[in-house]
Structure formats: C-alpha cells, structure tokens
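Here's the structure we're looking at; comments come further down.
The values are calculated or read from the model by the stated rules, or taken from the named source; none is laboratory data. Since the model is a prediction, treat every value here as computed from it, not as a measurement. Cβ placement follows ideal geometry from the backbone for every residue including glycine, while neighbour counts extend to all protein chains displayed. Heavy atoms of the whole protein, side chains included, go into the accessibility calculation; ligands, DNA and RNA do not. Shrake-Rupley method; radii C 1.70, N 1.55, O 1.52, S 1.80 Å.
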Amino acid sequence: MHSPLERYKPAASARTHLLLAAVLWTAVGTGLLTFGGRWAWAGRASYPDWLLPLAGAAGAAKGYFVLTRSAARIARRIEARGDGRCLGGFISPLTWGLVVLMMGTGYIMRHGLLPRAIVGLVYVAIGVALLIGSARLWGSWRRHAAAFTEN
C-alpha cells in the first residue's frame with residue numbers, strides 16, 4: 001500500500017531526470033560565467049591581466065578532471081534508479097545539501113567577504129567547470145533518449 005505522499009509525488013522518467021540534471025548544470029554554469037565574467041571584466045584593473053585566463057583554465061581543469069566524473073556518477077545513479085522516481089531525486093539528498101551550502105557560500109562572498117572582481121574570477125572558474133561537466137550529462141541524456149526512441 002502506498003502512503004498518501006506517494007500518490008501526489010511528482011514522478012518522472014530517468015530520461016527526464018537526466019534532462020533536469022543537464023539543464024541545471026548548464027543553467028547554473030552559464031549564470032555564474034555570465035555574472036562572474038561581467039564582474040571580473042569590470043574590475044580587471046584591480047588584479048593582474050593573467051588572472052582571468054587563469055580562472056578560466058582552472059575551471060576547465062576542474063571541469064575535465066573532477067566534474068565530468070561527478071556528472072558520470074549522477075548519470076549512473078539516475079539510470080540505476082529507473083523510471084517513476086520523484087522529480088527532485090535527480091540528485092541525492094546529500095548533493096542537494098551541498099548545493100544549498102554552495103549557494104550560501106556564494107551569497108556570503110557576494111555580500112562583503114571579497115571584492116566583486118575577485119568573486120567574478122571564482123564564478124568564472126566554477127561556471128566553466130560546470131559547463132564542461134554538463135557535457136557528460138547531456139551525452140547521457142542523448143544516449144538515453146536515443147535508446148528510448150529505438151524501442
């Protein structure tokens with residue numbers, strides 16, 4: 001017997017979960033890169049010229065070496081769970097907690113801990129990393145979508 005909450009749970013397919021994960025990483029990465037780029041560019045007189053390209057390169061390295069692995073782990077988890085799972089379950093509860101922690105850290109950084117130009121450099125690095133990592137999620141979604149259409 002299902003609990004009353006099960007009846008109203010917004011369930012979705014694994015394909016939808018993969019799409020949500022890819023869209024989330026892409027949207028957040030794009031937002032951070034956009035705002036971070038603006039802030040870093042506007043404050044470029046306050047740091048050496050090589051720091052902005054270094055932030056982008058550091059983000060690319062983190063994206064390639066760290067976040068592509070995390071994205072692959074998320075995709076495997078989604079695929080292993082299968083269809084009919086809660087819509088918000090495309091990432092684990094622990095990862096949701098990490099998201100909240102990162103949002104809080106960003107809020108603190110933006111509101112006085114560091115100058116906007118430096119926050120912008122951090123955002124550029126994180127945005128680039130997320131966009132590179134999101135490519136793995138988009139690839140998983142495409143493979144899953146292609147397998148779905150073949151059946």
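One table, with the values for the structure above:
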| quantity | calculated |
| --- | --- |
| Leu94 being without any contact (Cβ under 8 Å) to a residue 12 or more places away in the chain, in a helix (DSSP H, G or I) and among the aliphatic types (A, V, I, L, M) | yes |
| Close pairs (6 angstrom Cβ cut-off, 6 or more residues apart or separate chains): farther than 16 Å from Leu114 by Cα and of a type in the set (Gly, Ala, Ser) in segment 34-52, assigned to a helix (DSSP H, G or I) and open to solvent by less than 100 Å² (accessible area, probe 1.4 Å) anywhere | none |
| Those helices (runs of 4 or more DSSP H) lying entirely in segment 1-86 with at least 1 residues closer than 28 Å to Gly106 by Cα | 14-42, 51-62, 68-81 |
| Sole exception among (1) under 15 Å from the mean Cα position of the chain (by Cα); (2) closer than 30 Å to Trp50 by Cα for Ile108, by number | (1) |
| Residues (closer than 19 Å to Ala129 by Cβ, open to solvent by less than 80 Å² (accessible area, probe 1.4 Å) and over 14 Å from the mean Cα position of the chain (by Cα)) located in segment 61-103 | Ala61 |
| Test: residue in segment 110-129 that is out of contact with any Asp or Glu (no Cβ under 7 Å at 6 or more places or on another chain), modelled with pLDDT under 90 and surrounded by 14 or more Cβ atoms within 10 Å (Cβ to Cβ) | yes |
| Number of positions in segment 11-60 that are surrounded by 15 or more Cβ atoms within 10 Å (Cβ to Cβ), under 13 Å from Trp138 (Cβ atoms), under 16 Å from the mean Cα position of the chain (by Cα) and not β-branched (Val, Ile, Thr) | 8 |
